[in-house]
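Asks: Sharing a structure below in structure tokens format, with a few things to ask.
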Amino acid sequence: MARSQIWFFAFETLTLALLFASSVFAAAAAADVLVLTEDNFEKEVGQDRGALVEFYAPWCGHCKKLAPEYEKLGASFKKAKSVLIGKLNVSLGENLVKVDCDEHKGVCSKHGVTGYPTIQWFPKGSLEPKKYEGPRTAEALTEFVNNEGGTNVKLATIPSNVVVLTENNFDEVVLDKTKDVLVEFYAPWCGHCKNLAPIYEKVAAAYKFEEDVVIANLDADKYKGAAEKYGVSGYPTLKFFPKGNKAGEDYDGGRDLDDFVSFINEKCGTHRDGKGQLTSKAGVVEVLSDAVKELVAAADDGKKAALSKIEEEVAKLEGSAARYGKIYTKVAKSYAEKGSDYAKKEMERLNRMLEKSISAAKADEFTLKKNILSTFVA
């Protein structure tokens, strides 16, 4: 680790805290956040780097509201790392570190933390903190850290996967009969909307590779006409506009990430998890299962007829099922030519590929094929 780095430490959500159980450094790499515990607190803080520490509780509403701002802060300092280390030779870091005070009450008590969130700056070589009393925005925090750490970092803009609606594009996006669209009607001043914002961003990120699924929002305070048209009277109001019902349906489910993911998967026929990764059901077409079983059970002289049946069934498929059907056809031909060991060996090869660092698009491609191959394993 470079001598010129600063570590920024913060808390976010219980989900990120749980990531620490598998690997502190893996969490840092994945979310620009390093999770701090009572055991490693003094190994990281008060050493040869400055540290900004946010003490939080997972149930705290103010902490949840702060979370997206802290994410912006972490992303900003991570991107600036190579420039500031190499050119300015100042203490500047790439990570935020979090401590969960519900689980680590000792370290919180030691540093006088009595409310959440508490943000403290620990200078290089010191465990005597300076409490941050400023606004809880990414802009204000960036200015504070630059002043305390002698750095000159500019706040980065994190791209959003949420489609922003206006009166001009609402009908074009929402009423598109080829898309399933979830819309959040919100108001900028609404506290519940602010709490939902980071979760909604994660939902949009999870489905960014699903061409038929759109996660959108509309400033209903600004565009009152569109909101009134759909009976919106409170914020946030969520409505689902599936391909077959552009009158809209009320979303009455929970507002955690898993709740949204379950809803979208059920309504849209998708198979994603909260991280946007395909599940083991993705690509599997149930109507082809009997034809696949016939091919797997067929003797050598019967494989040609079984393969023809799969091709006939695939020709009847529509939509995403038709796309998956093409993979079925290719796998079936290879299975018929190479024998019963083909599916198992190919799955093992794909598993090795998935363990490597590959693009999200490639991961989807390999996962779909692996899932379909699994139906050919007797």
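Asks: How far, in nm, would the chain grow between Gln277 and Ala298 when pulled straight, counting 0.36 nm per residue and subtracting the alpha carbon separation? Walk me through the numbers on the way to the answer.
Replies: Details: separation 21, 0.36 × 21 = 7.56 nm, distance 3.43 nm.
Roughly 4.1 nm would be gained on extension.
Asks: Considering amide H positions built from the backbone, and no H for Pro or chain starts, which residues 5 or more places from Val163, or on another chain, come under 5 Å of its amide H?
Replies: Placed amide hydrogens put Ile215, Ala216, Asn217 under 5 Å from Val163.
Asks: Which order do peptides 46-55, 236-245 fall in by mean Cβ count within 10 Å, highest first?
Replies: Highest to lowest by the protection proxy: 46-55, 236-245.
Asks: Check Phe55: other-chain or 5+ apart residues with amide H under 5 Å from its amide H, H built from backbone geometry?
Replies: Under 5 Å from the amide H of Phe55: Thr118, Ile119, Gln120.
Asks: Can you give me the Cα centroid spacing of segment 336-378 and segment 247-318 in angstrom?
Replies: 16
Asks: Convert each backbone phi in segment 152-159 into a coupling constant with the Karplus relation 6.51 cos²θ - 1.76 cosθ + 1.60 (shift: θ = phi - 60°), then list the ³J(HN,Hα) values in order as whole Hz, x for Gly and Pro.
Replies: Couplings: 9, 8, 9, 5, 7, 9, 8, x Hz.
Asks: When ligands, DNA and RNA are left out and all protein chains stay put, how many square angstrom of accessible area per residue does segment 162-293 have with a 1.4 Å probe? Intermediate results must be reported in sequence, preceding the final value.
Replies: Details: 6610 Å² over 132 residues.
Result: 50 Å² per residue.
Asks: Same structure again: Rolling a 1.4 angstrom probe over the protein chains, ignoring ligands and nucleic acids, what is the accessible area of Ser308 in square angstrom, nearest 10?
Replies: Result for Ser308: roughly 50 Å² accessible.
Asks: Accessible area, 1.4 Å probe, largest first: how do Lys224, Lys293 sort?
Replies: Lys293, Lys224
Asks: Gln47 to Ser357: FRET efficiency via 1/(1 + (r/R0)^6), r the Cβ-Cβ distance, R0 45 Å, to the nearest 0.05?
Replies: Details: r = 30 Å, r/R0 = 0.67.
Here the calculated transfer efficiency is 0.90.
Asks: Can you run phi through the Karplus equation (6.51, -1.76, 1.60; θ = phi - 60°) for segment 250-263 and list ³J(HN,Hα) in whole Hz, with x for Gly and Pro?
Replies: Here the 3J(HN,Hα) series is 5, 8, 10, x, x, 10, 8, 4, 4, 5, 5, 4, 4, 4 Hz.
Asks: So, in nm, how far is label Lys130 from label Asp171 when the simple model puts each one 7 Å beyond its Cα toward the Cβ?
Replies: It is 5.7 nm.
Asks: Then there's this: So what are the ³J(HN,Hα) numbers for segment 304-309, from phi and the Karplus equation (6.51, -1.76, 1.60; θ = phi - 60°), rounded to whole Hz, Gly and Pro as x?
Replies: 5, 5, 5, 5, 4, 5
Asks: Something else: Largest first, how would Asp341, Asp176 line up by accessible area (1.4 Å probe)?
Replies: Final ranking, largest accessible area leading: Asp341, Asp176.
Asks: What number comes out for the charge environment of Val377, summing +1 per Lys or Arg and -1 per Asp or Glu over other residues with Cβ under 12 Å away?
Replies: With Lys, Arg at +1 and Asp, Glu at -1, the net is +1.
Asks: Additional query: Go ahead and collect, in residue order, the members of segment 257-297 whose backbone nitrogen is under 13 Å from a label point 7 Å along the Cα-Cβ direction of Lys316.
Replies: Residues 286-292 fall inside that zone.
The values are calculated or read from the model by the stated rules, or taken from the named source; none is laboratory data. In this text, all values refer to a predicted model and were calculated from it rather than measured experimentally. In this analysis, Cβ positions are derived from the backbone assuming ideal geometry, glycine residues included, and neighbour counts consider all displayed protein chains. With ligands, DNA and RNA removed, areas are computed over all heavy atoms of the protein, side chains included. Shrake-Rupley method; radii C 1.70, N 1.55, O 1.52, S 1.80 Å.
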